[in-house]
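The structure appears right after this line, and notes come after that.
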Amino acid sequence: MPDQKKAIQQRRAGRTRKKIGKVSTNRPRLSVFRSSKNISAQIIDDRAGQTVASASSLDETLRKDLSKGSDSDAAAKVGKALAERAKKAGVKDVVFDRGSYMYHGRIKALADAAREAGLNF
C-alpha cells in the first residue's frame, strides 16, 4: 500500500514539473518540501544542477524564533528568509514548484511571504 501511495504522489509531482518545464524560460525553480513537523524550500538552478539558496524551519537562525515548525507562521518565515538569501545570491525571478502539494495552507503562506520579500513568480 505505501508503494502505491508514493507512486501516486510522484505522478502528481511529475505533472507539476511538466507544466513548470513549459513556462520556466531558464529561470531557477523554487522547490518546496513539507513534512508533518517542518517545512523547507530551496532554489535550484536545473541547468547547472546546483542549489542557489535554501531555508528550512530546522535552520538554527529560524528555529529560535518559531514555536513549532509545522504551522503557517513558520512557513512564512522560511519564505521570507529564502527570498532574502536568494537576493544575496542574485536571483530575483523563479518558478514555483509546489511538488505534489496543493496550493493552500503552509505552501501558500511560504509563497506569499517569498513574494512580499522580493521574489517574482
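Annotation: ASN120 fulfils all but one of (1) out of contact with any strand residue (DSSP E or B) (no Cβ under 6 Å at 6 or more places or on another chain); (2) in contact (Cβ under 8 Å) with a residue 24 or more places away in the chain; (3) not hydroxyl-bearing (Ser, Thr, Tyr); the unmet one is (1).
Out of everything in the stretch 61-82 that is among the acidic types (Asp, Glu) and not in a helix (DSSP H, G or I), what residue ends up being nearest to LYS19 (Cα to Cα)? So the residue we want is ASP71. Of the numbered criteria (1) more than 17 Å from SER24 (Cα to Cα); (2) aromatic (Phe, Trp, Tyr); (3) touching a residue at least 24 places away in the same chain (Cβ under 8 Å), the one TYR103 fails is (3).
Could you please let me know if PHE96 is at pLDDT below 95 and over 18 Å from ASN38 (Cβ atoms)? No: the conditions fail for PHE96.
Kindly check whether there is at least one residue in the stretch 1-21 that is assigned to a loop (DSSP other than H, G, I, E, B) and without any contact (Cβ under 8 Å) to a residue 40 or more places away in the chain. Yes, some residue in the stretch 1-21 is assigned to a loop (DSSP other than H, G, I, E, B) and without any contact (Cβ under 8 Å) to a residue 40 or more places away in the chain. For the stretch 83-100, filtered to residues that are without any contact (Cβ under 8 Å) to a residue 40 or more places away in the chain and assigned to a loop (DSSP other than H, G, I, E, B), the residue that is surrounded by the fewest Cβ atoms within 10 Å (Cβ to Cβ) is GLY90. Suppose the filter is more than 15 Å from ARG29 (Cα to Cα) and either of a type outside the set (A, V, I, L, M) or modelled with pLDDT of 95 or more (or both); does ASP65 pass it? Yes: the conditions hold for ASP65. Do the conditions hold for SER36, that is, is it part of a loop (DSSP other than H, G, I, E, B), small (Gly, Ala, Ser), surrounded by fewer than 15 Cβ atoms within 10 Å (Cβ to Cβ) and modelled with pLDDT under 95? For SER36, the condition - part of a loop (DSSP other than H, G, I, E, B), small (Gly, Ala, Ser), surrounded by fewer than 15 Cβ atoms within 10 Å (Cβ to Cβ) and modelled with pLDDT under 95 - is not met. Sort through SER54, SER35 and tell me the only one that's among the hydroxyl-bearing types (Ser, Thr, Tyr) and touching a helix residue (DSSP H, G or I) at 6+ places or on another chain (Cβ under 8 Å). Every option except SER54 fails the conditions.
The values are calculated or read from the model by the stated rules, or taken from the named source; none is laboratory data. No experiment lies behind these values; they were computed from the predicted model shown. In this analysis, Cβ positions are derived from the backbone assuming ideal geometry, glycine residues included, and neighbour counts consider all displayed protein chains.
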